[in-house]
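A quick write-up on the structure given underneath.
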Amino acid sequence: MLMRWLWARVIWSGPGWYRILKREPCSPVYRPDAMLDMADLPIARREIFAGKGYLLTNTLQTTRGCPFDCEFCSVTAFYGRKYRERPVEQVLAELEVLCKQNSFAFFVDDNLVANRRYALSLFSAMKGMGFKWLSHAPIDFAGDPELMRAAGESGCIGMFVGFESLNQESLVAMGKVTNQATSYLEQAKVFRDHGIGILGSFVLGSDGDTPAIFEPILRFCEAARIEAAIFPILTPYPGTKVRERLETEGRITSNDWRDYDMGHVNFIPRGMSAAELQAGHDWLNRSFYSFSSMYRRIFKLHRSVQVFAPMNFGFRSAIRRTAKVMV
């Protein structure tokens with residue numbers, strides 16, 4: 001019986017099992033010959049989440065890849081720079097199933113609007129489906145009124161937006177070509193005017209950063225009424241340009257994967273000490289998610305509050321728990 005089962009595995013599971021049975025050595029890394037055709041992307045088996053208390057299981061992906069190549073970002077190392085789209089008809093069919101379970105959806109795409117024609121087609125088709133959804137978009141999305149209006153009308157209530165820095169020189173150095181720091185306040189207002197809240201991201205520890213950066217970031221977020229934000233410490237993930245550069249410069253201080261959570265300093269900063277960077281990161285998180293800051297940013301009624309208010313309290317609780325563990 002055991003041999004019959006093993007033989008079935010050889011037949012149905014392909015050459016991987018054949019190598020195991022012959023005791024041939026396995027490769028530490030397996031790479032495909034080409035990127036997956038997005039039309040072949042399998043539907044997630046969401047039934048395995050039943051009864052496990054997950055807040056949101058209505059997640060789906062429509063595109064992969066990013067046309068940009070920011071120094072710190074692992075997306076291009078993982079998915080490549082070629083932007084690839086899943087057929088809109090397939091996405092809509094999956095959404096029809098999801099809407100029977102939950103009216104919220106999260107598109108996990110790293111840049112949902114990189115192909116304007118594709119995004120406009122998707123948003124137009126989603127109008128009237130009754131979804132409230134979130135995804136990722138660059139800040140210059142604000143410069144396309146037609147596309148932003150279509151997103152809002154299709155139910156978009158929030159976008160993850162990488163501001164990354166308030167220093168234009170730092171933005172240029174990291175390859176963030178879509179960002180103009182002097183336009184941030186105006187662009188954030190455009191998002192809000194279309195009913196789209198912002199989960200902002202600011203990378204801390206770039207070579208142009210000093211201990212003076214932390215308070216201006218907080219004040220900007222409050223002035224722009226950024227509904228929620230994360231403040232990751234620059235992290236040299238394998239495959240990124242920043243990893244290659246910091247390795248060449250001998251500035252990486254830890255290769256322990258437990259330090260690669262974007263909350264620990266694992267390299268030698270240039271404009272401040274590692275201790276100053278860590279302290280600034282911790283202060284910024286505590287200050288942003290203080291009750292006073294939360295009041296300044298989200299006290300006015302806005303349709304995105306239904307998502308971002310709980311998010312703020314969730315982040316606040318997580319930060320406080322982490323602080324207790326670190327003591």
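The values are calculated or read from the model by the stated rules, or taken from the named source; none is laboratory data. What you see is a predicted model, and the numbers here were worked out from it, not measured in a lab. All Cβ positions, glycine included, derive from the backbone under ideal geometry; neighbour counts span all protein chains shown.
Given the structure, is Leu92 part of a helix (DSSP H, G or I), at pLDDT 75 or above and out of contact with any Pro (no Cβ under 9 Å at 6 or more places or on another chain)? Against the criterion (part of a helix (DSSP H, G or I), at pLDDT 75 or above and out of contact with any Pro (no Cβ under 9 Å at 6 or more places or on another chain)), Leu92 qualifies.
Taking the conditions (1) within 19 Å of Phe191 (Cβ to Cβ); (2) at pLDDT below 95 in turn, Val108 satisfies each one other than (1). Could you tell me which of the residues Ile252, Ile233, Ile298 is under 19 Å from the mean Cα position of the chain (by Cα) and hydrophobic (A, V, I, L, M, F, W, C)? Checking each option against the conditions leaves just Ile233. Among the residues of the stretch 25-69, those that are outside any loop (DSSP other than H, G, I, E, B), farther than 15 Å from Tyr83 by Cα and of a type outside the set (Asp, Glu) comprise Arg46, Ile48, Phe49, Thr59, Leu60.
Just the residues that are closer than 20 Å to Val305 by Cβ and in a loop (DSSP other than H, G, I, E, B), please, taken from the stretch 98-119. Talk me through it step by step, then tell me what you get.
So the first thing to find is which residues in the stretch 98-119 are closer than 20 Å to Val305 by Cβ, and the list is 102-106.
Asn102, Ser103, listed by residue number.
Just the residues that are of a type in the set (Gly, Ala, Ser) and more than 20 Å from the chain's Cα centre (by Cα), please, taken from the stretch 119-136. Across the stretch 119-136, the qualifying residues are Ser121, Ser124, Ala125, Gly128, Gly130. Applying the condition of being polar (S, T, N, Q) and part of a helix (DSSP H, G or I) to the stretch 249-299 and asking which residue is surrounded by the most Cβ atoms within 10 Å (Cβ to Cβ) yields Asn285.
Got at least one residue in the stretch 241-248 being over 20 Å from Ala137 (Cα atoms), surrounded by 17 or more Cβ atoms within 10 Å (Cβ to Cβ), touching a residue at least 12 places away in the same chain (Cβ under 8 Å) and within 22 Å of the chain's Cα centre (by Cα)? Show your work before the answer.
Step one: of the stretch 241-248, the residues over 20 Å from Ala137 (Cα atoms) are 241-248.
Remaining after also requiring surrounded by 17 or more Cβ atoms within 10 Å (Cβ to Cβ): 241-243, 246.
In the following step, the residues that additionally are touching a residue at least 12 places away in the same chain (Cβ under 8 Å) were identified as 241-242, 246.
Now restrict to residues that are within 22 Å of the chain's Cα centre (by Cα): 241-242.
Taking every residue of the stretch 241-248 in turn, at least one turns out to be over 20 Å from Ala137 (Cα atoms), surrounded by 17 or more Cβ atoms within 10 Å (Cβ to Cβ), touching a residue at least 12 places away in the same chain (Cβ under 8 Å) and within 22 Å of the chain's Cα centre (by Cα).
State yes or no: is Ala173 modelled with pLDDT under 95 and not basic (Lys, Arg)? When the stated conditions are applied, Ala173 passes them. Of the candidates Met159, Met126, the single residue that is under 17 Å from Val108 (Cβ atoms), in contact with a strand residue (DSSP E or B) (Cβ under 7 Å, 6 or more places away or on another chain) and buried (at least 22 other Cβ atoms within 10 Å of the Cβ) is Met159.
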